[in-house]
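Asker: Sharing a structure, written as structure tokens. Questions coming.
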Amino acid sequence: MAQSTKETATPNIIYGIVLLLSGICLAAGTQFVFHACGMHEDGSYGRCHYAQLVIVCIGLLMTAGALCTIFLRTREVMLAVSVITACEAVFTLLIPGTVIPLCMMATMSCLAKMKPFTTVMGIVILLVSIAGFIPALSRKEN
Amino acid sequence: MPAIESFTLKQLSRRPARTTALILLAMLLSLSIMGGTLIVSGLKSGLDSLETRLGADIMVVPYEVRTKTNLNNLILQGNNGYYYVDRQYLNKLYDGSIAGIGQISEQYYFATASSGCCSAALQLIAFDPETDFTIKPWINVSYKKELQDCEIVVGNDINAFPGDTLVFYGVECTVAARMDKTGTYLDTSVYTSHATIEKLIENAQSKQLAAYTGNTSPSTHASCVLINVAEGYTVEEVLNDINIHVKKVVAIQSKSLISNVAEGLSNVSGIISALVVVVWILSLIIMVISFTMMINERKKEFAVIRVIGASEKMLTRMVMKEAFTVSAAGSLPGAALGLLVVSLFSGMIEDSLNLPFLLPSVPGLAILFVAAIIASTIAGSLAASYAALRISRIDPALILREDN
């Protein structure tokens, strides 16, 4: 077991760091830079605001998974985190626009900034999770 | 030949860090050319679209527009200040006092509060179907019939489709058609008849929401008068005549506004092109150095290959094959990323540059995509050509004796 942990320690750390950065980037980017539309004149929020909150939560969950990969460093954790992250990436792609409808005009912040950002991040995170999953799986088979 | 291919792949996988770095450089090359070209061509298409869709020689707007807003914004964002002129001041445009007016049509701009979702107002443009010559030709592309009461045509940036219902100030309006993308403010506007606007204003006033219109209506006021000059007259003549004789309005030549936009576009395009060139030069220099260092490092290996019978040509081909594989492996994802990012962020680019932006059509995008991959693959391969040429001329005996 000790041998197995030693073998996967470095890839786990690199994978964990990449995931950690992706999660932070997704959460912070969606919250502060590529955010949804602001408050209405009457003080209420549009549906896109709630899509933003869900994406930020997904980013934070991803960060937690990345920390598990960095500190626990086992093949099983890497596999589990990869699968969970892939699911989170799919949710990141689907939530703004498909699950939670966004605004009316393409020039509005949620469609012009948040949706493109979450689409790019979703694709990148999906590829990262696949890149982590396949080597971990093949090492187990060996 | 298959032996060379498998040897190339083995060599590349033996040094994953170096291979990854070279792939990333190739990716940067294709990303920069794809992204840069897409932005520049998008800006040019946007300007062309703006020129085509404007369709009028002269725009006559209330005088306060000149003092309260930047005239460039008028053409880029529409009359978003919502200024109105009383129709009595426009009589001279119709009674023959101004010579040289060929076609003339009025438009009335009206802003709504939110519709359905979020806080941004939609711009409603009311036009007269009898006289209109700027909007109707474009509406006719997607909708051949006359617009009925409470029927609207929406710009391409509005997420509504034919048959959908949008509610403005309690009035349900049916979407009759959706216009093609123009890359201009026309994409975020809603087009309808004067009668529908009158109905909306009536409802807005009954709900005490008439702030945007200032108690005006299309029957008494206009936001903009569009004029095409008759044959035998110059635009300048008519323009000056209007500015001298018609009070409370200012006539603007559409072409002069477009030339301002074109100037801004040329500056932005220049900066983007310069950045792409800088990225290419730096990446190519790094690639040339990387390949030269890599070949120097593997001199003995190549000498042994020569000793066991490989020709100079075979050695060159081996190195070029490695460079080609690495460049192609980086170019494809780089071009895809450039396409993805620019396509997705086109709205943000348009907004931040404050210039019309229209992505090329799908065949145009496909051509650009393939061209970017080919260009960066060739450039990456050429970066290795010097190193390949040098290694093919080595003297194996000299190299193998070097350490002894």
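None of the figures in this text is laboratory data; all of them are computed from the coordinates on show. All values derive from a computational prediction rather than experimental measurement. Glycine also receives a Cβ, built like all others from the backbone with ideal geometry; neighbour counts cover every protein chain displayed.
Asker: Starting from the Cα of B:GLN148, step 7 Å toward the Cβ, then list every residue of region B:172-187 with an amide N under 17 Å from that point.
Answerer: B:172-178
Asker: Tell me the mean residue ellipticity at 222 nm calculated for chain B from its helices only (DSSP H runs of n ≥ 4, each -39500 (n - 2.57), averaged over every residue, nearest 500).
Answerer: The per-residue figure over chain B is -18500 deg cm²/dmol.
Asker: What's the Kirkwood radius of region B:238-316 in Å, using all Cα pairs? Please list the in-between numbers first.
Answerer: Details: mean 1/r = 0.0533 Å⁻¹.
For region B:238-316, inverting the mean 1/r across all distinct Cα pairs yields 18.8 Å.
Asker: First select every other residue whose beta carbon is under 13 angstrom from the beta carbon of B:THR234; then total the charges, Lys and Arg +1, Asp and Glu -1. Kindly include the intermediate steps, with their values, before the conclusion.
Answerer: On the way: positive: B:LYS255; negative: B:ASP57, B:GLU231, B:GLU236, B:GLU237, B:ASP241.
After counting each charged neighbour, the total is -4.
Asker: Under 17 Å Cα-Cα from B:LYS144, which lysines qualify once same-chain neighbours fewer than 8 residues away are excluded?
Answerer: Filter leaves B:LYS136.
Asker: Take the alpha carbon atoms of region A:79-110, find their center, do the same for region B:230-264, and report the distance between the two centers in whole angstrom.
Answerer: Here the answer is 48 Å between Cα centres.
Asker: Expressed as an acute angle from 0 to 90° and rounded to the nearest 10, what is the orientation of the C-alpha long axis of helix B:235-245 relative to the principal long axis of chain B?
Answerer: So the inclination is approximately 40 degrees.
Asker: In degrees between 0 and 90, to the nearest 10, how far off the longest principal axis of chain A does helix A:115-141 point, with axes built from Cα atoms?
Answerer: So the helix axis and the longest Cα principal axis differ by about 10 degrees.
Asker: Could you work out the mean count of beta carbons from other protein chains within 10 Å of each residue's beta carbon in A:95-106?
Answerer: Partner Cβ neighbours, averaged per residue: 5.
Asker: Among B:VAL307, B:GLN253, A:SER109, which residue has its Cα furthest toward the positive end of the charge dipole of the protein assembly as shown, with +1 on Lys/Arg Cβ and -1 on Asp/Glu Cβ?
Answerer: B:VAL307
Asker: So what's chain B giving for Rg/Rh, alpha carbon basis, Kirkwood Rh from the mean inverse pair distance?
Answerer: Numbers: Rg = 30.6 Å, Rh = 25.3 Å.
On the Cα set of chain B, Rg over Rh gives 1.21.
Asker: Would you mind checking A:LYS115/B:LYS10; B:LYS145/B:LYS247; A:LYS113/B:LYS181; A:LYS113/B:LYS207; A:LYS113/B:LYS199 for any pair whose Cα atoms are more than 29 angstrom apart? Intermediate values should be presented prior to the final figure.
Answerer: On the way: A:LYS115/B:LYS10 41 Å; B:LYS145/B:LYS247 37 Å; A:LYS113/B:LYS181 19 Å; A:LYS113/B:LYS207 34 Å; A:LYS113/B:LYS199 35 Å.
Result: A:LYS115/B:LYS10; B:LYS145/B:LYS247; A:LYS113/B:LYS207; A:LYS113/B:LYS199 exceed 29 Å.
Asker: Moving on to the next point. For chain A, what does the helix formula give at 222 nm: sum of -39500 (n - 2.57) over DSSP H segments with n ≥ 4, over the residue count, nearest 500 deg cm²/dmol? Before the final figure, lay out the partial values.
Answerer: Numbers: 4 runs with 100 residues, N = 142.
The helix-only estimate for chain A comes to -25000 deg cm²/dmol at 222 nm.
Asker: Could I ask something else about it? Apply the Karplus curve 6.51 cos²θ - 1.76 cosθ + 1.60, θ = phi - 60°, to the phi angles in region A:80-91 and return the couplings in whole Hz, x for Gly and Pro.
Answerer: Those phi angles translate into 4, 5, 4, 5, 4, 5, 4, 4, 4, 5, 5, 4 Hz.
Asker: Answer with one residue from B:THR216, A:ILE13, B:ILE378: the one whose Cα lies farthest towards the positive end of the charge dipole of the protein assembly as shown, charges on Cβ with Lys, Arg +1 and Asp, Glu -1.
Answerer: A:ILE13
Asker: Let me ask something else about it. Is there a quick way to get the dipole size of region A:40-142? I mean about its Cα centre, with the Cβ of Lys and Arg at +1 and of Asp and Glu at -1; what is the value in debye to the nearest 20? Each step should come with its number before you reach the end.
Answerer: Values: 7 positive and 5 negative charges, 67 e Å.
With Lys and Arg at +1 and Asp and Glu at -1, about 320 debye.
Asker: With +1 on each Lys and Arg Cβ and -1 on each Asp and Glu Cβ, and nothing else charged, work out how big the dipole of the protein assembly as shown is about its Cα centre, in Debye to the nearest 20. Don't skip to the end; give the middle numbers.
Answerer: On the way: 38 positive and 41 negative charges, 589 e Å.
With Lys and Arg at +1 and Asp and Glu at -1, about 2820 debye.
Asker: Summing Lys, Arg as +1 and Asp, Glu as -1, what charge do residues with Cβ under 12 Å from the Cβ of B:ILE58 carry, B:ILE58 excluded?
Answerer: Details: positive: B:LYS255; negative: B:ASP57, B:GLU236, B:GLU237, B:ASP241.
Taking every Cβ under 12 Å from that of B:ILE58, the sum is -3.
Asker: Let me ask something else. Grab the other residues whose beta carbon is less than 13 angstrom from that of B:VAL268, score K and R as +1, D and E as -1, and report the net. Could the numbers behind the result be given before it?
Answerer: Values: positive: B:LYS44; negative: B:GLU263, B:GLU350.
Taking every Cβ under 13 Å from that of B:VAL268, the sum is -1.
Asker: Please get the size of the charge dipole for chain B, origin at its Cα centre, with Cβ charges of +1 on Lys and Arg and -1 on Asp and Glu, quoted in debye to the nearest 20.
Answerer: Working: 30 positive and 35 negative charges, 483 e Å.
My answer is approximately 2320 debye.
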